[in-house]
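Below is one structure, written out as structure tokens; comments come after it.
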Amino acid sequence: MSELVTLAQGLPRRSVDAGEALLADGQSAPALFVLLEGGLRIEKAGVQIATVTEPGACVGEMSLLLGVPATADVIASEPSVVAVIENADTMLEDEPALSLALARLLATRLQVMTTYLVDIKQQYADHDGGLGMVDVVLGSLMRGSGSRSELGSDRDPNPEY
């Protein structure tokens, strides 16, 4: 993530107070943000997904790369400073180092999540009932094409995840 800290040198800075939202789920992401100091809490539907405290971590990258509104709430968990990349889409085209840094960041996240999903599948593979379905659901997700799809069911056609 030091690559992103290096890329963020000379960019505008923004101070964020504890509890202040940087991104709001479903709303347009105004920029790509690189954490320089402090910590950020990532939430989806009021459920905390992650806490980001490592300098060089970025938020807003999924919106940028997928061309969609923010996919989660990002809230400062403590007073924080972020670098603001307002023209991130242009910078992606003009600055290969940004594309490579984002690719490495996302690959690292994917590796962590894949390891976690395999662990869950192994833990619940022999369970009956609802917990036994974990293996089926996760297997289906891992075989997915990666294209954007609607998640839902007859019981809950519009889940909040």
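No value in this document is a laboratory result; all are computed from the given coordinates. Treat the numbers as computed from the prediction; the structure is a model and nothing was measured. Ideal geometry is used to build each Cβ from the backbone, glycine not excepted, and the neighbour counts take in all protein chains shown.
Points worth noting:
- Between ASP119 and LEU66, the FRET efficiency from the beta-carbon distance, with R0 = 30 Å, is close to 0.65.
- Between THR108 and VAL137, the distance separating the two model label sites (each 7 Å from Cα on the Cα→Cβ line) works out to 2.9 nm.
- The listed peptides 109-117, 54-62, ordered by packing as a protection proxy, come out as 54-62, 109-117 (highest mean of other Cβ atoms within 10 Å first).
- Rounded to the nearest Hz, the phi-derived 3J(HN,Hα) couplings of segment 120-127 under the Karplus curve 6.51 cos²θ - 1.76 cosθ + 1.60 (θ = phi - 60°) are 5, 4, 5, 5, 10, 4, 9, 7, where x marks glycine and proline.
- In this structure the amide hydrogen of ALA29, modeled in the peptide plane, comes within under 5 Å of the amide hydrogens of ALA70, none closer than 5 places in sequence on its chain.
- Extension gain, ALA24-ASP94: 0.36 nm per intervening residue step, less the Cα-Cα distance, totals 22.4 nm.
- Under a 5 Å amide H cut-off, with hydrogens placed 1.01 Å from N, LEU23 pairs with VAL74 among residues at least 5 apart or on other chains.
- Taking the number of Cβ atoms within 10 Å of each Cβ as an exposure proxy, the fewest-first ranking of ASP89, ASP17, ASP73 is ASP17, ASP89, ASP73.
- Working note: Karplus 6.51/-1.76/1.60 with θ = phi - 60° gives segment 91-104 the couplings 5, 4, 6, 8, 10, x, 4, 5, 4, 5, 5, 5, 4, 5 Hz, where Gly and Pro are set to x.
- Net lengthening on full extension, HIS127/ASP17 (0.36 nm per residue, minus Cα-Cα): 35.1 nm
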